Amino acid sequence: MRQQIDVVAIDGGGSGTRLRAIGVDGTTLAEAASGPSSLTLGVEQAWSNVASGLDALASATGADLTTARLVCGFAGGRSPERQAQFRAMGGQSCADIVIVTDGFASLLGAHGGRPGVVLAVGTGVAAYALGQDGRVSSASAWGFSIGDEGSGAWIGRRAVSLYSRHLDGRLPDASTLFDALRSRVGDEFNAIQTWLSAANATRFATLAPVVIDAAAAGDGVATRIMAAATEELELAIGAIDDGGPVSLLGGLGPVFAPRFSARLAARLTPPRGNALDGLALMARRGWREEVVPELERQDG
């Protein structure tokens, strides 16, 4: 049966994209997944993977998406230039495109549009807060090239950096982590350089589970990497924290929850929803920017 899609919520990050087709009555009609659509990895790649997801939704619903609104939360979505490029690529495929960051979408979803803090940690990382005064603030959302401290990509890059030190004698510690990295990135200079030549945030993040497993097994190097990552994440939360509830989202959220300090752990609250829920909330209220109007915020 042919269905009418009013909104497609799109959560795009460095590891993958999730899409939700929402009908005119607000019900979920279908969901789909596709490849990475972080705008920092390239707008063309982002649109290609979003388009693939939209095709899947069209097939599942039989709907004409040219009348639908796309409400997107992208990693790297703050840049006006990238937003404009994405809209130029997708403008003929839908009725409207709204773009915010995936961190803001997660913030709205986690607390239902009410005050609180969210830490979204996966391939990248971003901490967002909605204060009691309605002000939205963020920390550690600068992207992989200079930031994303504590993220999966940061953990993987840190591991390879220490591994390179080990290979040339600057870090003589024996480590099961280094043993595991040999089969993944190479065991000599040229092989590692070849691996690095194609390494971006997504590829570095594939090494995070190796570090996490090694730390769980008691490896000293991996344990120190995870401790440093935890410290960075707590620092990001602390920079914008006003004492409200704190929710963790993203694939690595469950990994870090038991690592946080007792003071922070006591404030952790299960999220009410995810980034797709936050984007659906934006669509219902007609929001187009990373701003929470005072009246709407109080209405919850």
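Comparing 75, 110, 265 in a Gaussian network model of the chain (Cα springs below 10 Å), the most mobile by mean-square fluctuation is 265.
Close amide H pairs (under 5 Å, H built 1.01 Å from N) link residue 96 with 70, residues at least 5 positions away or on another chain. Rounded to the nearest angstrom and listed largest first, the equivalent-ellipsoid semi-axes of the range 46-150 from its Cα gyration tensor are 27, 16, 13. Listed from fewest to most Cβ neighbours within 10 Å, the set 281, 108, 235 follows the order 235, 281, 108. For the chain, the longest principal axis of the C-alpha atoms and the axis of helix 176-185 are separated by about 60°.
For the chain, what is the mean residue ellipticity at 222 nm derived from helices alone (per DSSP H run of n ≥ 4: -39500 (n - 2.57); sum divided by total residues; nearest 500 deg cm²/dmol)?
On the way: 13 runs with 135 residues, N = 300.
Estimated from H runs of four or more residues: -13500 deg cm²/dmol.
Relative to the longest principal axis of the Cα atoms of the chain, helix 275-285 runs at roughly 30 degrees.
Using only Cα atoms and rounding to the nearest 10 degrees, what angle (0 to 90) does helix 43-61 make with the longest principal axis of the chain? Here the helix axis deviates by roughly 50 degrees. Projected onto planes of every orientation and averaged, the convex hull of the alpha-carbon atoms in the range 1-101 covers 5.3 nm². Working from label points 7 Å from Cα in the Cα-to-Cβ sense, the residue 187 to residue 224 distance is 2.4 nm.
Going by how many other Cβ atoms sit within 10 Å of their own, how do 6, 102, 25 line up, fewest first?
Values: 6 19, 102 32, 25 8.
Going from sparsest to densest Cβ surroundings: 25, 6, 102.
Once the Cα-Cα distance is subtracted from the 0.36 nm per residue extended length, the residue 33 to residue 4 segment shows a gain of 8.5 nm.
Across all directions, the shadow cast by the convex hull of the range 181-265 built on its C-alpha atoms averages 6.9 square nanometres. In summary, the convex hull built on the alpha carbon positions of the range 121-270 has an orientation-averaged projected area of 9.2 nm².
Each of 284, 20 was scored by other Cβ atoms within 10 Å of its Cβ. Arranged with the fewest first, they read 284, 20.
No lab work stands behind these numbers, since they all come straight from the coordinates. From a predicted model like this one, the values you see are computed outputs, not experimental measurements. When we count neighbours, we look across all protein chains shown, and the Cβ atoms used for this are built from the backbone with ideal geometry, even at glycine.
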